[in-house]
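The structure appears right after this line, and notes come after that.
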Number of protein chains: 2
Amino acid sequence: MRHGARRPPGPPKQFDTQRTLERARDLFWRRGFDGTGLSELEGELGVGRKSLYDTFGNKRALYLASLAHYGDSVIAAICDGLERPGASPLANLERVLGKLARHHASGESHGCLLGVGLAQVQRDDAEIVAALRRELARLEDAFERTLQRALDAGELRPNVRPRDSARQLVAFVQGMALLGRIADSPAVLPTAMSATLDGLRR
Amino acid sequence: MRHGARRPPGPPKQFDTQRTLERARDLFWRRGFDGTGLSELEGELGVGRKSLYDTFGNKRALYLASLAHYGDSVIAAICDGLERPGASPLANLERVLGKLARHHASGESHGCLLGVGLAQVQRDDAEIVAALRRELARLEDAFERTLQRALDAGELRPNVRPRDSARQLVAFVQGMALLGRIADSPAVLPTAMSATLDGLRR
């Protein structure tokens, strides 16, 4: 519920929680966990520190909520694209990967929130490590299912191992998201992507 | 020149510049540029702020020097491995990539200093972007030369394009370095690497 909207009696809700979470997610995406200060969050979100704490807990809790939101929005959309009905599994893979390559090469991309998180997380931070693993596993599983279907349909080299190539694609996509942040030509990532697909295709 | 060594008259050098630079590089590697504070640098390096400024300039200059040092040590060693005489080009590629996969999966890896930098750099920071591009281009060029030699030797699929696959490998290695920070099994990266090589091999 937005500030100022008519609302039933009860504790006042001063801001749109969902929209605030999206803005926090986008700030962490651009700046990383370490690079995002509380005062930056307050400024970007237009919400005071006390309200943030009351609604989300501390900065870490807001970050974990942002990771989960990213999984349910950005990662889920990629997974859905991989299973689009009416297209062959390989065609779905080519379309999704091509779109990612063009996006990350566009100069509009901030990389991947998960990759930015991976680059900063400390190994012994069990909570954030678990959250990152969960979202990456979702992506790996979706790649594996699509690769298995493409293999079954005879679209891939017969010796492709779907689980191994799914991991290959997760690593490749993460690397591409990183490199897109400094790519000096929009052709770099799509040609790299095309080379990766050539290695899978029958 | 080390502290305490006999030296000619002149301004006293209070610490080993090279060793200090390596320690700074390793701290940026583990913590990133944003995550590394001046007081952390002082503590880790055992050098006071004034000495650091006098020798390296500010934190940014120390970071740029760390990137160059990383290129001349870590990246240069990878490039040398790709051109080792007495082994076939594909064997060099397999050995170097296999070593990277095992290293990043070992739990000892901090990822890649360049990848950690990529995840944090702001697009409009021309100086750091240029430094990251320079070191990544060094790696891409070495991959391309090795792929071209392997192609000429008939070790690769005949339709492999060395420049495109070199970009593919840079992205893949960057992704692998990231994922190694949270991999829950030492098998994940070597199997992904093996899938990547299977896609290149004749």
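Computed from the coordinates by the stated procedures, all read-outs in this text should not be read as laboratory data. This one's a predicted model, so the numbers in the text were calculated from it and none came from an experiment. Backbone-built Cβ (ideal geometry, glycine too); neighbour counts: all protein chains shown.
Answer with one residue from A:Ile182, A:His110, A:His69: the one whose Cα lies farthest towards the positive end of the charge dipole of the stretch A:68-198, charges on Cβ with Lys, Arg +1 and Asp, Glu -1. In the stretch A:68-198, that residue is A:Ile182. Charge tally around B:Gly46: other residues with Cβ under 11 Å, Lys/Arg +1 each, Asp/Glu -1 each, net -1. Based on the alpha-carbon set only, what is the convex hull volume of the stretch B:17-198 divided per residue, in Å³? For the stretch B:17-198, the hull spanned by Cα atoms encloses 117 Å³ per residue.
For the residues of A:91-97, the average number of beta carbons from a partner chain within 10 Å of their own beta carbon is 0. For the protein assembly as shown, the number of Lys pairs separated by eight or more positions or lying on different chains, with C-alpha atoms closer than 27 Å, is 7.
Let me know the mean shielding of A:118-125 by other chains, meaning the per-residue number of their Cβ atoms within 10 Å of its Cβ. Before the final figure, lay out each step's value.
On the way: counts 11, 15, 9, 4, 4, 7, 0, 1.
Across A:118-125, the average partner-chain Cβ count within 10 Å equals 6.
Inter-copy label distances at A:Glu108, shortest first and taken from points set 7 Å along Cα to Cβ: 4.4 nm. In plain terms, the C-alpha convex hull of the stretch A:23-69 casts an average shadow of 2.7 nm² when viewed from every direction.
Centre-to-centre separation between the Cα atoms of the stretch B:11-88 and those of the stretch A:11-78: 34 Å.
Could you work out the percent of alpha carbon pairs in the stretch A:130-197 separated by over 14 Å, rounded to a whole number? Working shown, then result.
On the way: 1460 of 2278 pairs.
The answer is 64 percent, as a whole percent.
Whole-percent P(r), the protein assembly as shown, all Cα pairs, 10 Å bins from 0: 5, 21, 29, 23, 13, 6, 2, 0, 0. Our coupling estimate for the stretch A:73-88, obtained by passing each phi through the Karplus curve with A = 6.51, B = -1.76, C = 1.60 and θ = phi - 60°, is 10, 5, 5, 4, 5, 5, 4, 4, x, 5, 10, 4, x, x, 10, 6 Hz, Gly and Pro reported as x. Helix-only arithmetic for the protein assembly as shown: the sum of -39500 (n - 2.57) across DSSP H runs with n ≥ 4, divided by the residue total, places the mean residue ellipticity at 222 nm at -20500 deg cm²/dmol.
For B:Asn159, the point set 7 Å out from Cα toward Cβ sits 1.8 nm from its twins in the other copies, listed from shortest up.
Mean projection of the Cα convex hull over all viewing directions, computed for the stretch A:56-145: 6.7 nm².
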